[in-house]
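Peer 1: Next up is a structure, given as structure tokens.
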Amino acid sequence: MSTTVTTQPIDRVERLGVRRLVTWAAVRVRENPELVGLFLLAGLVGYVPLVGGLLALLVTTFVLGVAYVTVADDVRLHARGLNAIAADVRERYVTLLVVGLAYTFAVVLGLIALVLPGLYIAARLAPALPVAALSDRGIVDSLREGWALGRGNVLRLLGVFLVVFVLQAIAAGILALISTDLATTGISAVLLNAVSGPILAAAIAHVYFESRDDAAEPVDEMTADAAV
């Protein structure tokens with residue numbers, strides 16, 4: 001089976017500000033609640049003794065792929081079942097895994113250097129992840145194209161990261177007040193990441209589609225709405 005997610009042309013997707021981008025992503029997650037369950041599973045497998053870290057990496061990569069393909073289908077107004085989406089992800093899995101590792105390594109190096117370079121890289125290179133999941137690009141080309149697509153989007157993506165981080169911090173404080181056990185065991189982080197993870201993935205995917213030049217199919221009405 002060949003990758004079909006981006007072979008069909010897409011109308012130019014409207015560029016959204018930070019607030020509308022986060023809102024759009026949150027709506028996508030609300031309409032696809034299975035993404036929350038999948039991200040929750042990815043977080044929980046990290047607690048498996050001895051191999052939890054490796055399992056979390058492998059599962060999280062797959063779940064990210066599912067999130068990107070699901071959002072792509074929403075933008076294309078082309079609903080599919082989870083099996084069809086998973087089939088696309090399996091085909092691009094190795095590329096997405098390696099690109100994800102390269103992305104993480106680059107961000108960590110930047111954070112170790114002076115913090116700000118790491119934040120810049122995190123935003124500038126973020127589109128490489130949907131490129132790897134949704135196109136036929138190889139590893140190097142996905143990184144190169146993602147870096148190019150990130151130009152002009154760094155401040156917006158940093159804004160998205162900041163908004164999600166602040167909301168997550170507020171939610172974490174509320175959970176800590178409700179139950180100290182949730183906070184001390186790390187379960188609260190897993191629960192919060194299960195929501196913030198797909199929202200971030202959806203927002204990054206939207207930026208990816210904004211930056212592409214294809215045009216043909218109708219786009220999601222919320223994306224096309226110009227009102228802020």
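None of the figures in this text is laboratory data; all of them are computed from the coordinates on show. Keep in mind that this is a model prediction, so the values were computed, not measured. Counting neighbours? That spans all protein chains shown, and the Cβs are built from the backbone with ideal geometry, glycine included.
Peer 1: What does the convex hull of the alpha-carbon atoms of segment 18-210 project to on average, in nm²? Intermediate results must be reported in sequence, preceding the final value.
Peer 2: Numbers: hull surface 44.5 nm².
The orientation-averaged projected area of the Cα hull of segment 18-210 comes to 11.1 nm².
Peer 1: Mind ordering 45-52, 22-29, 66-73 by average Cβ neighbours within 10 Å, highest first? Please report the intermediate quantities before stating the final value.
Peer 2: On the way: 45-52: 12.1, 22-29: 20.5, 66-73: 25.9.
So the peptides 45-52, 22-29, 66-73, ranked by packing, come out 66-73, 22-29, 45-52.
Peer 1: Filter the chain for me: DSSP H helices, axial length by Cα at least 27 angstrom, mean Kyte-Doolittle hydropathy not below -1.0. List them by residue number.
Peer 2: Working: long enough: 52-75 (34 Å, 1.70); 82-114 (43 Å, 1.52); 154-178 (36 Å, 2.60); 187-210 (35 Å, 1.50).
Going by DSSP H runs, the hits are 52-75, 82-114, 154-178, 187-210.
Peer 1: Mind checking the dipole of the chain: about its Cα centre, +1 per Lys or Arg Cβ, -1 per Asp or Glu Cβ, Debye to the nearest 20? If you can, show how the numbers build up before the last one.
Peer 2: Numbers: 16 positive and 19 negative charges, 110 e Å.
That gives the chain a dipole magnitude of about 540 debye.
Peer 1: Mean residue ellipticity at 222 nm from the helices of the chain, using -39,500 (n - 2.57) per DSSP H segment of n ≥ 4 over the full residue count, to the nearest 500 deg cm²/dmol? Write out the running numbers ahead of the final one.
Peer 2: On the way: 11 runs with 169 residues, N = 228.
Mean residue ellipticity, 222 nm, calculated: -24500 deg cm²/dmol.
Peer 1: Separate question: Put a dot 7 Å past each Cα toward the Cβ at residue 109 and residue 94; how far apart are the dots in nm?
Peer 2: 2.4 nm
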